[in-house]
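The values are calculated or read from the model by the stated rules, or taken from the named source; none is laboratory data. Worth saying up front: this structure is predicted, and the values here are computed from it rather than measured. Don't worry about glycine lacking a Cβ; one is built from the backbone with ideal geometry, like all the others, and counts go over all protein chains shown. Calculation scope for accessible area: heavy atoms of the full protein, side chains included, ligands and nucleic acids excluded. Shrake-Rupley method; radii C 1.70, N 1.55, O 1.52, S 1.80 Å.
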Amino acid sequence: SLLNRSSDLAIYSTTYEGATQTINEDEAKLFLTRCIRETHPQVVVTQDVNGEYGHGKHIFMTANVIKAVEASKDSSYDEQSVNEYGTWEVPKFYIHVYGDNRTEVDMRSPLTAFNGKRGIDVARQAYLCHQSQQWCDFTVDDYGPYSNASFGLYSSTVGEDEAKNDYMEHLVSYDEQEAI
């Protein structure tokens, strides 16, 4: 299974094709599609299509998240998860530094959900946990061409972003949906 090969997943590659030497494309798409169908996310966010700093596994993951977002709404793909969870069309899908229609979120304000830590600090801490990536010059910042705050709207069922700073714009929260 995809998750049982964690040592293979740590192997660095510089291309999509290199990543396919250790990760099966069909398994990845299936796993991600099932995750989307089970959780019904209103927003999906993924990495840069170029692998941030050219990491083939990141390129692979982004490509397969794109495939899974499409597959999750297709009732003819994976009958088992359709029967278990139904299909799901992701309302908003963002890719890091994608396109011209960018949303720039505030990474400097304290976050209640993280005990007052700022988003930029949480992102930096998370990156430090990614041990296999500490050799490169990549940094987590909220400015510059690879700003951790900048994501482009790849697809939307609820319209384009107007405020350009809120991933939840035009969405009805789960709490509000339950109240209806």
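When each of the peptides 121-131, 33-43 is scored by how many other beta carbons lie within 10 Å of its residues on average, the order from highest to lowest is 33-43, 121-131.
Computed over all pairs of different Cα atoms, the Kirkwood value for the hydrodynamic radius of region 47-141 is 16.0 Å. The slack in the chain from residue 122 to residue 143, taken as 0.36 nm per residue of separation less the alpha-carbon distance, amounts to 6.0 nm. For a straight C-alpha distance cut-off of 13 angstrom, the aspartates and glutamates reachable from residue 57 (same-chain residues fewer than eight places away being disregarded) are 8, 17, 25, 48. Reported value for region 118-180: 153 Å³ per residue, from the convex hull of its C-alpha atoms. For the charge dipole of region 124-180, defined by +1 on Lys and Arg C-beta atoms and -1 on Asp and Glu C-beta atoms about the Cα centroid, which residue among 174, 145, 133 has the Cα displaced farthest towards the positive pole? Going by the charge dipole, the pick is 133. Rolling a 1.4 Å probe across all protein chains gives residue 117 an accessible area of roughly 90 Å². Once the Cβ-Cβ distance of residue 74 and residue 113 is raised to the sixth power relative to R0 = 41 Å, the FRET efficiency obtained is 0.80. Estimated from helical segments only, the mean residue ellipticity of the chain at 222 nm is -10000 deg cm²/dmol, where each DSSP H run of four or more residues counts as -39500 (n - 2.57).
Taken as Cα centroids, region 29-52 and region 114-148 sit 20 Å apart, rounded to the nearest whole angstrom. As a fraction of the 1.4 Å probe accessible area of the chain, surface on carbon and sulfur atoms comes out at 52 percent. Taken over the Cα atoms of the chain, the convex hull encloses 145 Å³ per residue. Probing with 1.4 Å while keeping every protein chain in the model, the per residue accessible area of the chain equals 57 Å². I want to verify a result. In a Gaussian network model of the chain, Cα cutoff 10 Å, which of these has the top mean-square fluctuation: 54, 159, 144? Of 54, 159, 144, the Gaussian network model singles out 144 as fluctuating most.
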